[in-house]
Amino acid sequence: MGSKKKTVDLDRDNDIAPGLVAKTKKRLVVAAGRSHPELAQQVAAQLGIELAPTEHRTFASGEIYTRFEVSIRGCDVFVVQSFGPPVNEWLMELLIMLDALKRASAKRITVVAPYFPYSRQDKKGRGREPISARLVTDLLMTAGADRVMSVDLHAAQIQGFFDGPVDHLFAKPVLLEYFRAHLSQEDRDTLTVVSPDMGRVRVADTWSDSLDAPLAIIHKRRDPKVANQVTVHEIVGEVAGRTCLLVDDMIDTGGTIQKAAQALKANGARKVIVAATHAIFSDPATQRLQDAAIDQVVVTDTVPIPAERRFAGLTVLPIAPLLARAIREVFEDGSVTSMFGGEA
(Lines give C-alpha, C1' and ligand atoms only; values in the text may rest on other atoms or scores of the structure.)
Protein backbone atom coordinates (compact mmCIF):
# COMPACT_ATOMS: atom_id res chain seq x y z
CA MET A 1 0.00 0.00 0.00
CA GLY A 2 1.84 3.03 -1.24
CA SER A 3 1.51 6.52 0.17
CA LYS A 4 2.61 10.00 -0.83
CA LYS A 5 3.67 12.33 1.92
CA LYS A 6 4.16 16.09 1.85
CA THR A 7 5.31 18.53 4.47
CA VAL A 8 2.81 21.00 5.91
CA ASP A 9 4.16 24.20 7.48
CA LEU A 10 2.81 25.85 10.58
CA ASP A 11 -0.24 27.96 9.69
CA ARG A 12 -1.50 29.80 12.77
CA ASP A 13 -4.11 31.78 10.85
CA ASN A 14 -5.91 28.57 9.82
CA ASP A 15 -5.04 26.73 13.04
CA ILE A 16 -2.95 24.08 11.26
CA ALA A 17 -0.03 22.41 13.03
CA PRO A 18 3.18 21.63 11.14
CA GLY A 19 3.67 17.99 10.13
CA LEU A 20 3.34 15.38 7.40
CA VAL A 21 0.23 14.49 5.40
CA ALA A 22 -0.05 10.95 3.94
CA LYS A 23 -2.55 10.04 1.23
CA THR A 24 -3.42 6.45 2.17
CA LYS A 25 -6.21 4.13 1.06
CA LYS A 26 -8.20 1.76 3.25
CA ARG A 27 -7.54 -1.96 2.85
CA LEU A 28 -10.14 -4.62 3.62
CA VAL A 29 -8.77 -7.90 4.97
CA VAL A 30 -10.74 -11.02 5.86
CA ALA A 31 -9.17 -13.41 8.38
CA ALA A 32 -10.60 -16.68 9.63
CA GLY A 33 -10.38 -18.98 12.59
CA ARG A 34 -10.72 -22.74 12.26
CA SER A 35 -14.36 -23.08 13.33
CA HIS A 36 -15.95 -22.76 9.87
CA PRO A 37 -13.27 -22.45 7.15
CA GLU A 38 -15.71 -23.16 4.30
CA LEU A 39 -17.89 -20.20 5.25
CA ALA A 40 -14.90 -17.87 5.58
CA GLN A 41 -13.63 -18.91 2.15
CA GLN A 42 -17.06 -18.33 0.63
CA VAL A 43 -17.25 -14.84 2.19
CA ALA A 44 -13.82 -13.94 0.83
CA ALA A 45 -14.77 -15.27 -2.60
CA GLN A 46 -17.94 -13.15 -2.58
CA LEU A 47 -15.75 -10.11 -1.88
CA GLY A 48 -13.29 -11.08 -4.62
CA ILE A 49 -10.32 -11.48 -2.28
CA GLU A 50 -8.36 -14.23 -0.53
CA LEU A 51 -8.23 -14.96 3.18
CA ALA A 52 -5.27 -13.49 5.06
CA PRO A 53 -2.58 -16.20 5.44
CA THR A 54 -2.73 -17.26 9.08
CA GLU A 55 -0.88 -19.86 11.10
CA HIS A 56 -2.98 -21.76 13.64
CA ARG A 57 -1.66 -24.36 16.06
CA THR A 58 -2.99 -26.29 19.04
CA PHE A 59 -0.20 -27.55 21.26
CA ALA A 60 -0.25 -30.93 23.02
CA SER A 61 -1.27 -29.17 26.22
CA GLY A 62 -4.36 -27.72 24.50
CA GLU A 63 -2.99 -24.17 24.28
CA ILE A 64 -3.78 -22.29 21.05
CA TYR A 65 -1.33 -20.26 18.99
CA THR A 66 -2.12 -17.85 16.14
CA ARG A 67 0.16 -15.74 13.96
CA PHE A 68 -0.67 -13.67 10.90
CA GLU A 69 1.88 -14.38 8.18
CA VAL A 70 1.56 -11.01 6.44
CA SER A 71 1.46 -7.39 7.60
CA ILE A 72 -1.88 -6.28 9.02
CA ARG A 73 -0.79 -2.75 9.94
CA GLY A 74 -3.44 -0.15 9.16
CA CYS A 75 -5.92 -2.69 7.76
CA ASP A 76 -9.68 -2.91 8.30
CA VAL A 77 -9.84 -6.56 9.41
CA PHE A 78 -12.96 -8.73 9.52
CA VAL A 79 -12.44 -11.93 11.53
CA VAL A 80 -14.87 -14.71 10.62
CA GLN A 81 -15.44 -17.18 13.45
CA SER A 82 -18.66 -19.09 14.07
CA PHE A 83 -19.45 -21.17 17.13
CA GLY A 84 -20.42 -24.74 16.58
CA PRO A 85 -18.83 -27.29 18.91
CA PRO A 86 -16.35 -27.06 20.59
CA VAL A 87 -17.63 -23.57 21.43
CA ASN A 88 -15.12 -22.75 24.16
CA GLU A 89 -12.12 -23.69 22.04
CA TRP A 90 -13.29 -21.49 19.17
CA LEU A 91 -14.00 -18.63 21.57
CA MET A 92 -10.48 -18.82 22.97
CA GLU A 93 -9.03 -18.97 19.47
CA LEU A 94 -10.97 -15.85 18.50
CA LEU A 95 -9.71 -13.94 21.54
CA ILE A 96 -6.12 -14.90 20.70
CA MET A 97 -6.63 -13.78 17.09
CA LEU A 98 -7.98 -10.43 18.28
CA ASP A 99 -4.99 -9.93 20.56
CA ALA A 100 -2.61 -10.74 17.70
CA LEU A 101 -4.39 -8.28 15.39
CA LYS A 102 -4.35 -5.53 17.99
CA ARG A 103 -0.63 -6.01 18.59
CA ALA A 104 -0.04 -6.09 14.81
CA SER A 105 -1.52 -2.56 14.57
CA ALA A 106 -4.71 -3.34 12.67
CA LYS A 107 -6.64 -0.08 12.23
CA ARG A 108 -10.09 -1.56 12.95
CA ILE A 109 -11.11 -5.09 13.96
CA THR A 110 -14.61 -6.44 13.34
CA VAL A 111 -15.69 -9.79 14.73
CA VAL A 112 -17.98 -11.58 12.26
CA ALA A 113 -19.71 -14.20 14.42
CA PRO A 114 -22.66 -15.52 12.38
CA TYR A 115 -23.83 -17.45 15.44
CA PHE A 116 -23.02 -15.56 18.63
CA PRO A 117 -21.77 -17.78 21.49
CA TYR A 118 -23.66 -17.96 24.80
CA SER A 119 -26.47 -15.87 23.31
CA ARG A 120 -29.14 -17.80 25.21
CA GLN A 121 -27.64 -16.66 28.52
CA ASP A 122 -28.67 -13.04 28.03
CA LYS A 123 -30.39 -12.42 31.39
CA LYS A 124 -30.78 -13.78 34.90
CA GLY A 125 -33.76 -16.12 34.99
CA ARG A 126 -32.94 -17.30 38.51
CA GLY A 127 -30.79 -16.08 41.38
CA ARG A 128 -27.01 -16.57 41.27
CA GLU A 129 -26.93 -17.10 37.50
CA PRO A 130 -24.38 -15.47 35.17
CA ILE A 131 -25.19 -13.28 32.19
CA SER A 132 -22.71 -15.08 29.98
CA ALA A 133 -23.58 -13.22 26.76
CA ARG A 134 -22.45 -10.01 28.45
CA LEU A 135 -19.25 -11.71 29.61
CA VAL A 136 -18.46 -12.75 26.03
CA THR A 137 -18.88 -9.19 24.73
CA ASP A 138 -16.60 -7.93 27.53
CA LEU A 139 -13.97 -10.47 26.51
CA LEU A 140 -14.21 -9.40 22.86
CA MET A 141 -13.78 -5.73 23.76
CA THR A 142 -10.84 -6.43 26.06
CA ALA A 143 -9.14 -8.57 23.42
CA GLY A 144 -9.36 -5.76 20.86
CA ALA A 145 -12.62 -5.95 18.90
CA ASP A 146 -13.93 -2.58 17.69
CA ARG A 147 -17.13 -3.89 16.13
CA VAL A 148 -19.31 -7.01 16.11
CA MET A 149 -21.40 -8.47 13.29
CA SER A 150 -23.80 -11.35 13.86
CA VAL A 151 -26.89 -12.99 12.36
CA ASP A 152 -30.21 -13.38 14.20
CA LEU A 153 -29.12 -12.83 17.78
CA HIS A 154 -31.19 -14.92 20.18
CA ALA A 155 -32.05 -11.70 22.02
CA ALA A 156 -31.73 -8.25 20.43
CA GLN A 157 -30.67 -6.77 23.80
CA ILE A 158 -27.24 -8.39 23.35
CA GLN A 159 -26.44 -5.47 21.04
CA GLY A 160 -26.42 -3.27 24.12
CA PHE A 161 -23.85 -5.44 25.89
CA PHE A 162 -21.08 -4.43 23.47
CA ASP A 163 -19.72 -0.92 23.94
CA GLY A 164 -19.35 -0.24 20.22
CA PRO A 165 -21.16 -0.73 16.91
CA VAL A 166 -23.06 -3.99 16.45
CA ASP A 167 -24.40 -5.00 13.04
CA HIS A 168 -27.38 -7.29 13.66
CA LEU A 169 -28.11 -9.09 10.39
CA PHE A 170 -31.20 -11.13 9.57
CA ALA A 171 -31.33 -14.41 7.66
CA LYS A 172 -35.01 -13.89 6.89
CA PRO A 173 -34.40 -12.52 3.33
CA VAL A 174 -32.31 -15.61 2.50
CA LEU A 175 -34.97 -18.00 3.81
CA LEU A 176 -37.86 -16.03 2.30
CA GLU A 177 -36.29 -16.11 -1.14
CA TYR A 178 -36.12 -19.90 -0.93
CA PHE A 179 -39.74 -20.35 0.17
CA ARG A 180 -41.10 -17.93 -2.42
CA ALA A 181 -39.35 -19.97 -5.09
CA HIS A 182 -40.15 -23.47 -3.81
CA LEU A 183 -43.53 -23.46 -2.06
CA SER A 184 -46.24 -25.09 -4.15
CA GLN A 185 -49.42 -23.20 -4.96
CA GLU A 186 -51.34 -25.39 -2.51
CA ASP A 187 -48.81 -24.58 0.22
CA ARG A 188 -49.14 -20.86 -0.52
CA ASP A 189 -52.94 -21.01 -0.40
CA THR A 190 -52.99 -22.82 2.96
CA LEU A 191 -49.90 -21.29 4.58
CA THR A 192 -49.86 -20.38 8.28
CA VAL A 193 -46.75 -19.01 9.99
CA VAL A 194 -46.24 -20.53 13.43
CA SER A 195 -44.19 -19.21 16.35
CA PRO A 196 -42.85 -22.15 18.41
CA ASP A 197 -43.07 -20.11 21.63
CA MET A 198 -44.05 -16.69 22.95
CA GLY A 199 -40.50 -15.39 22.67
CA ARG A 200 -40.49 -15.65 18.86
CA VAL A 201 -43.90 -14.06 18.24
CA ARG A 202 -42.49 -10.75 17.01
CA VAL A 203 -40.24 -12.47 14.47
CA ALA A 204 -43.03 -14.80 13.33
CA ASP A 205 -45.30 -11.78 12.93
CA THR A 206 -42.87 -10.20 10.45
CA TRP A 207 -42.83 -13.48 8.52
CA SER A 208 -46.62 -13.45 8.52
CA ASP A 209 -46.63 -9.97 6.99
CA SER A 210 -43.98 -10.85 4.39
CA LEU A 211 -45.79 -14.01 3.25
CA ASP A 212 -49.30 -12.56 3.65
CA ALA A 213 -50.24 -15.53 5.80
CA PRO A 214 -52.07 -15.86 9.15
CA LEU A 215 -50.15 -16.36 12.39
CA ALA A 216 -50.44 -19.13 14.96
CA ILE A 217 -48.64 -19.35 18.31
CA ILE A 218 -47.65 -22.37 20.37
CA HIS A 219 -47.71 -21.92 24.12
CA LYS A 220 -45.06 -24.06 25.78
CA ARG A 221 -43.52 -24.43 29.20
CA ARG A 222 -39.92 -25.27 29.96
CA ASP A 223 -38.70 -26.54 33.34
CA PRO A 224 -35.96 -24.04 34.35
CA LYS A 225 -34.22 -26.77 36.36
CA VAL A 226 -34.10 -29.33 33.53
CA ALA A 227 -32.29 -28.46 30.30
CA ASN A 228 -33.89 -29.17 26.92
CA GLN A 229 -37.24 -30.37 28.34
CA VAL A 230 -40.31 -28.82 26.71
CA THR A 231 -44.06 -29.33 27.18
CA VAL A 232 -46.56 -27.98 24.64
CA HIS A 233 -49.77 -26.74 26.21
CA GLU A 234 -51.98 -25.23 23.52
CA ILE A 235 -52.04 -23.69 20.05
CA VAL A 236 -53.46 -20.23 19.47
CA GLY A 237 -54.68 -19.90 15.88
CA GLU A 238 -56.15 -22.08 13.14
CA VAL A 239 -53.85 -24.85 11.85
CA ALA A 240 -56.25 -27.63 10.75
CA GLY A 241 -55.76 -28.40 7.06
CA ARG A 242 -52.98 -25.78 6.82
CA THR A 243 -49.35 -25.85 5.73
CA CYS A 244 -47.56 -24.68 8.88
CA LEU A 245 -44.23 -22.85 8.62
CA LEU A 246 -42.46 -23.03 12.00
CA VAL A 247 -39.89 -20.22 12.26
CA ASP A 248 -37.14 -20.05 14.89
CA ASP A 249 -33.68 -18.57 15.29
CA MET A 250 -31.90 -21.82 16.17
CA ILE A 251 -32.32 -25.55 16.51
CA ASP A 252 -30.18 -27.07 19.24
CA THR A 253 -31.39 -30.49 20.39
CA GLY A 254 -34.60 -30.13 18.38
CA GLY A 255 -36.93 -30.79 21.32
CA THR A 256 -38.97 -27.61 20.90
CA ILE A 257 -39.40 -28.10 17.16
CA GLN A 258 -40.31 -31.78 17.45
CA LYS A 259 -42.95 -31.19 20.13
CA ALA A 260 -44.34 -28.21 18.21
CA ALA A 261 -44.59 -30.20 14.97
CA GLN A 262 -46.29 -33.10 16.74
CA ALA A 263 -48.80 -30.71 18.32
CA LEU A 264 -49.54 -29.11 14.95
CA LYS A 265 -50.11 -32.46 13.26
CA ALA A 266 -52.28 -33.59 16.20
CA ASN A 267 -54.40 -30.49 15.60
CA GLY A 268 -54.90 -31.30 11.92
CA ALA A 269 -52.03 -29.56 10.11
CA ARG A 270 -51.52 -31.05 6.62
CA LYS A 271 -47.81 -30.23 6.45
CA VAL A 272 -45.13 -28.84 8.79
CA ILE A 273 -42.09 -27.03 7.41
CA VAL A 274 -39.36 -25.78 9.75
CA ALA A 275 -37.24 -22.69 9.03
CA ALA A 276 -34.34 -21.73 11.28
CA THR A 277 -31.15 -19.71 11.00
CA HIS A 278 -28.67 -21.58 13.19
CA ALA A 279 -28.45 -25.37 12.83
CA ILE A 280 -26.63 -26.26 16.06
CA PHE A 281 -27.96 -29.83 15.86
CA SER A 282 -26.71 -31.16 19.20
CA ASP A 283 -27.61 -34.81 19.78
CA PRO A 284 -30.29 -36.06 19.35
CA ALA A 285 -31.47 -33.25 17.01
CA THR A 286 -30.89 -35.17 13.78
CA GLN A 287 -33.12 -38.02 14.94
CA ARG A 288 -35.82 -35.68 16.27
CA LEU A 289 -35.93 -33.63 13.07
CA GLN A 290 -36.66 -36.78 11.06
CA ASP A 291 -39.87 -37.24 13.06
CA ALA A 292 -42.88 -38.15 10.90
CA ALA A 293 -44.55 -34.88 11.98
CA ILE A 294 -41.85 -32.79 10.23
CA ASP A 295 -42.00 -32.67 6.42
CA GLN A 296 -39.00 -30.41 5.72
CA VAL A 297 -36.28 -28.48 7.55
CA VAL A 298 -34.63 -25.41 5.98
CA VAL A 299 -31.62 -23.77 7.67
CA THR A 300 -28.59 -21.65 6.80
CA ASP A 301 -24.92 -22.56 7.17
CA THR A 302 -24.04 -20.04 9.90
CA VAL A 303 -22.46 -22.99 11.74
CA PRO A 304 -20.86 -26.00 10.07
CA ILE A 305 -23.16 -29.00 9.58
CA PRO A 306 -21.08 -32.18 9.22
CA ALA A 307 -22.23 -34.93 6.87
CA GLU A 308 -23.33 -37.18 9.73
CA ARG A 309 -25.83 -34.54 10.89
CA ARG A 310 -27.46 -34.07 7.50
CA PHE A 311 -30.55 -35.99 6.40
CA ALA A 312 -32.90 -36.34 3.45
CA GLY A 313 -35.41 -33.67 4.52
CA LEU A 314 -32.78 -31.02 5.24
CA THR A 315 -32.05 -28.00 2.99
CA VAL A 316 -29.02 -25.81 3.81
CA LEU A 317 -28.89 -22.28 2.36
CA PRO A 318 -25.63 -20.27 2.01
CA ILE A 319 -25.27 -17.26 4.32
CA ALA A 320 -21.96 -16.03 2.80
CA PRO A 321 -23.56 -13.61 0.27
CA LEU A 322 -25.39 -11.82 3.10
CA LEU A 323 -22.25 -11.58 5.25
CA ALA A 324 -20.13 -10.37 2.34
CA ARG A 325 -22.60 -7.65 1.44
CA ALA A 326 -22.73 -6.44 5.05
CA ILE A 327 -18.92 -6.45 5.28
CA ARG A 328 -18.71 -4.37 2.11
CA GLU A 329 -21.28 -1.87 3.44
CA VAL A 330 -19.34 -1.47 6.70
CA PHE A 331 -16.00 -1.12 4.93
CA GLU A 332 -17.34 1.45 2.47
CA ASP A 333 -19.21 3.36 5.21
CA GLY A 334 -22.52 2.39 3.64
CA SER A 335 -25.81 1.38 5.25
CA VAL A 336 -26.37 -2.09 6.69
CA THR A 337 -29.93 -1.14 7.64
CA SER A 338 -30.80 -0.58 3.98
CA MET A 339 -30.16 -4.29 3.36
CA PHE A 340 -33.26 -5.14 5.39
CA GLY A 341 -35.67 -2.40 4.39
CA GLY A 342 -34.81 -0.27 7.40
CA GLU A 343 -35.42 -3.05 9.95
CA ALA A 344 -31.81 -3.71 11.03
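The values are calculated or read from the model by the stated rules, or taken from the named source; none is laboratory data. None of these values were measured; they are calculated from a predicted model. In this analysis, Cβ positions are derived from the backbone assuming ideal geometry, glycine residues included, and neighbour counts consider all displayed protein chains. Keep in mind that these areas ignore ligands, DNA and RNA; they rest on the heavy atoms of the full protein, side chains included. Shrake-Rupley method; radii C 1.70, N 1.55, O 1.52, S 1.80 Å.
With helices as the sole contributors, the chain gives -8500 deg cm²/dmol at 222 nm; each DSSP H run of n ≥ 4 counts as -39500 (n - 2.57), and the sum is divided by every residue.
At a 1.4 Å probe, what is the % contribution of carbon and sulfur to the accessible area of the chain? Answer for the chain: carbon and sulfur cover 48 percent of the accessible area. Rounded to the nearest 20, the Cβ-based charge dipole of the range 256-344 about its Cα centre (Lys and Arg +1, Asp and Glu -1) stands at 480 debye.
Residues whose amide H lies under 5 Å from that of Ala31, counting only those 5 or more places away or on a different chain, are Ala52, Phe78, Val79, Val80; hydrogens are built 1.01 Å from N in the peptide plane. Using a/c under 1.5 as the rounded threshold, could you call the range 1-111 rounded, prolate or oblate? The axes a ≥ b ≥ c are square roots of the C-alpha gyration tensor eigenvalues, and prolate needs a/b larger than b/c, oblate otherwise. Verdict is prolate for the range 1-111.
Starting from the Cα gyration tensor of the range 121-264, take the square roots of the eigenvalues, sort them a ≥ b ≥ c, and report rounded, prolate or oblate (rounded when a/c is under 1.5, otherwise prolate if a/b is larger than b/c, else oblate).
oblate
Applying 1/(1 + (r/R0)^6) with r as the Cβ-Cβ distance of Ser282 and Ala22 and R0 = 51 angstrom yields a FRET efficiency of 0.50. In the range 275-344, a dipole from Cβ-located charges (positive for Lys and Arg, negative for Asp and Glu) runs towards its positive end, and of Gly313, His278, Ser338 it is Gly313 whose Cα lies farthest in that direction. Dipole check for the chain: with +1 at the C-beta of Lys and Arg, -1 at the C-beta of Asp and Glu, and the Cα centre as origin, the magnitude is about 540 Debye. Relative contact order of the chain, taken over Cα pairs closer than 8 Å and 6 or more residues apart, is 12 percent. Among Leu91, His219, Leu176, whose Cα projects farthest towards the positive end of the dipole of the chain, with charges put on the beta-carbon of Lys, Arg (+1) and Asp, Glu (-1)? Result: Leu91, furthest along the dipole toward the positive end.
Note on the range 30-73: with charges restricted to the Cβ of Lys and Arg (+1) and Asp and Glu (-1), its dipole about the Cα centre is near 100 debye. For Rg and Dmax of the Cα atoms in Å, the listed values are (i) 21.5, 87; (ii) 22.9, 81; (iii) 18.7, 62; which was obtained by calculation from the structure presented? So the calculated entry is the one marked (ii). Under 17 Å from a point 7 Å along the Cα-to-Cβ line of Ser132: which residues of the range 97-118 have their amide N that close? Correct set: 115-118.
Think of the chain as having a plus end and a minus end, set by charges on the Cβ of Lys, Arg, Asp and Glu; of Gln46, Thr206, Ala22, Ala22 sits farthest toward the positive end of this dipole. Here the spin labels are modelled as points 7 Å beyond Cα on the Cα-Cβ line, and at Lys107 and Leu183 they lie 4.5 nm apart.
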